[in-house]
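Engineer: Shown below is the structure under consideration.
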């Protein structure tokens with residue numbers, strides 16, 4: 001069983017191609033776009049689904065730019081299904097994708113946002129085609145701290161890993 005482990009940044013492109021010929025290319029980074037936030041006295045969330053739908057709690061007013069993450073896999077084994085898993089110490093025996101090592105999203109000062117509930121399209125199953133190619137869509141939820149602290153405007157970045165077993 002081979003293992004490819006890549007770190008994908010939410011708002012920065014940082015993809016390394018594995019030496020075995022398979023490639024994972026970021027087409028669009030998972031982004032929660034711009035949004036307004038009322039009082040931060042209760043934890044609130046904004047969600048971008050793998051279908052590119054955006055949902056937000058009433059304390060959050062979505063703006064522009066929210067988008068699901070889109071990644072292109074090429075030259076993997078043809079007609080193989082990868083199943084979504086969570087952080088596990090042992091790799092899936094049938095091949096799979098593990099989304100994990102999620103960090104907080106911050107701008108270097110003040111409260112942080114919490115990234116959680118990472119999901120992929122097609123009910124958690126990714127199927128390569130006859131050439132070993134597939135497109136992966138990732139969604140997730142970003143939560144506020146709910147501590148009452150004020151967030152500064154600006155760019156907040158965080159990361160997660162996508163590990164592919166086959």
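The values are calculated or read from the model by the stated rules, or taken from the named source; none is laboratory data. Keep in mind it's a predicted model, so treat the numbers as computed, not measured. Reconstructed Cβ throughout: ideal geometry from the backbone, glycine too, with neighbour counts over all protein chains shown.
Engineer: So which residues in region 114-164 are over 16 Å from residue 71 (Cβ atoms) and in a strand (DSSP E or B), if there are any at all?
Structural biologist: 114, 115, 116, 117, 141, 142, 143, 157
Engineer: Shifting gears a bit: Mind telling me which of the residues 88, 98 ends up being crowded, with 18+ Cβ neighbours inside 10 Å and at pLDDT below 80?
Structural biologist: After applying the criteria, what remains is 98.
Engineer: Sort through 67, 131 and tell me the only one that's modelled with pLDDT of 90 or more, surrounded by 14 or more Cβ atoms within 10 Å (Cβ to Cβ) and out of contact with any helix residue (DSSP H, G or I) (no Cβ under 7 Å at 6 or more places or on another chain).
Structural biologist: The conditions single out 67.
Engineer: Please go through region 36-52 and pick out each residue that is within 21 Å of the chain's Cα centre (by Cα) and loosely packed, with under 13 Cβ neighbours inside 10 Å.
Structural biologist: 51
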